[in-house]
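**Student:** Take this structure first; my questions come after.
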Amino acid sequence: ETGVTQTPRHLVMGMTNKKSLKCEQHLGHNAMYWYKQSAKKPLELMFVYNFKEQTENNSVPSRFSPECPNSSHLFLHLHTLQPEDSALYLCASAVGGIDNEQFFGPGTRLTVL
Amino acid sequence: GNSVTQMEGPVTLSEEAFLTINCTYTATGYPSLFWYVQYPGEGLQLLLKATKADDKGSNKGFEATYRKETTSFHLEKGSVQVSDSAVYFCAQSNFGNEKLTFGTGTRLTIIP
């Protein structure tokens, strides 16, 4: 039990669909992150939230829309995606401040047809 | 800017062999250093960390020493097992910075 859960674990969607990824952490952390992991590419940081406020948007296309309603939940809303967006999307959380150890969820494997 | 460079994979070793995966970093200030491991089909898990120079992180037989003079944090294990097959990521973060900077990952395969 990592304390960070992600749903769904697998998602297949067409380019015109709208879907959402959910991340929940049970660790009492204040910072949450979305990463994209593609084959043969480095881990890409997408968004950072700290105390529910977005503090980083790493030039992510607007077809990805994050939402952080509280410190325990993080969503990634997806719409009109492209096949190259197919990847493993990882959520992580951290205490924040001087402790930067991040705890990762198992990821959502997304396939865009 | 801050960066992490780790050895290219894939690395294939026989069971009970000695493992070294090299990692070097560039940073302003004095970062904390981490090794994460990703087993097939899973997210990343923290393997070990070190927060200041000369600290040694260790876990599950793996070790890494924070070397400020060579800006390195090489991962070592004396005798690897098939269950160690995974992708290993080196990472750093600076004091007060909420982000981790990751290396590209090194895929390790251990054959019986």
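The values are calculated or read from the model by the stated rules, or taken from the named source; none is laboratory data. Nothing here was measured: the structure is a model prediction, and the numbers come from that model. Neighbour counts run over all protein chains shown; Cβ positions are idealised from the backbone, glycine included.
The rows are residues; the columns are (1) free of Cβ contacts under 8 Å to residues at least 12 places away in the same chain; (2) farther than 22 Å from B:THR101 by Cβ.
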position: A:ARG9; (1), (2): no, yes
position: A:GLY14; (1), (2): no, yes
position: A:ASN17; (1), (2): no, yes
position: A:CYS23; (1), (2): no, no
position: A:TYR33; (1), (2): no, no
position: A:LYS40; (1), (2): yes, no
position: A:VAL48; (1), (2): no, no
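**Student:** Which of the residues belonging to segment B:62-90 are touching a residue at least 60 places away in the same chain (Cβ under 8 Å) and outside any strand (DSSP E or B)?
**Tutor:** B:GLY78, B:SER79, B:VAL80, B:GLN81, B:VAL82, B:ASP84
**Student:** Just to be sure, is B:PHE34 in contact with a Leu (Cβ under 7 Å, 6 or more places away or on another chain) and either surrounded by fewer than 20 Cβ atoms within 10 Å (Cβ to Cβ) or within 11 Å of another protein chain (Cβ to nearest Cβ) (or both)?
**Tutor:** yes
**Student:** Would you point out which residue out of A:TYR49, A:TYR89 is farther than 25 Å from B:PRO40 by Cα and either surrounded by fewer than 16 Cβ atoms within 10 Å (Cβ to Cβ) or more than 7 Å from chain B (Cβ to nearest Cβ) (or both)? Full working, then the answer.
**Tutor:** Details: A:TYR89 fails: farther than 25 Å from B:PRO40 by Cα.
None of the others qualify; the one that does is A:TYR49.
**Student:** Let me ask you something else. Mind counting the residues in segment A:86-113 that are charged (D, E, K, R) and either modelled with pLDDT of 95 or more or part of a loop (DSSP other than H, G, I, E, B) (or both)?
**Tutor:** The number of residues fulfilling the criteria is 2.
**Student:** Taking the residues in segment B:40-59 that are more than 10 Å from chain A (Cβ to nearest Cβ) and in a loop (DSSP other than H, G, I, E, B) as candidates, determine which candidate is nearest to A:ARG9 (Cα to Cα).
**Tutor:** Only one residue fits best here, namely B:PRO40.
**Student:** Is at least one residue of segment B:91-105 closer than 26 Å to A:CYS91 by Cβ, part of a strand (DSSP E or B), modelled with pLDDT of 95 or more and not aromatic (Phe, Trp, Tyr)?
**Tutor:** No, there is no match, as no residue in segment B:91-105 is closer than 26 Å to A:CYS91 by Cβ, part of a strand (DSSP E or B), modelled with pLDDT of 95 or more and not aromatic (Phe, Trp, Tyr).
**Student:** While we're here: A:GLY107 - would you say it is at positive phi and within 12 Å of the chain's Cα centre (by Cα)? Steps first, please.
**Tutor:** Working: at positive phi: yes; within 12 Å of the chain's Cα centre (by Cα): yes.
Answer is yes for this residue.
**Student:** Of the residues B:SER85, B:SER79, only one is surrounded by 14 or more Cβ atoms within 10 Å (Cβ to Cβ) and of a type in the set (Ser, Thr, Tyr); which?
**Tutor:** Criteria check complete, one pass: B:SER85.
**Student:** Looking at segment A:27-43 only, could you name the residues that are under 14 Å from the mean Cα position of the chain (by Cα) and surrounded by 15 or more Cβ atoms within 10 Å (Cβ to Cβ)? Even if it seems obvious, please write down each step before you answer.
**Tutor:** Initially, segment A:27-43 is screened for residues under 14 Å from the mean Cα position of the chain (by Cα), giving A:31-38, A:43.
Correct list: A:ALA31, A:MET32, A:TYR33, A:TRP34, A:TYR35, A:LYS36, A:GLN37, A:LEU43.
**Student:** Quick check on my filter: what residues within segment A:32-67 are charged (D, E, K, R) and part of a strand (DSSP E or B)?
**Tutor:** A:LYS36, A:GLU44, A:GLU53, A:GLU56, A:GLU67
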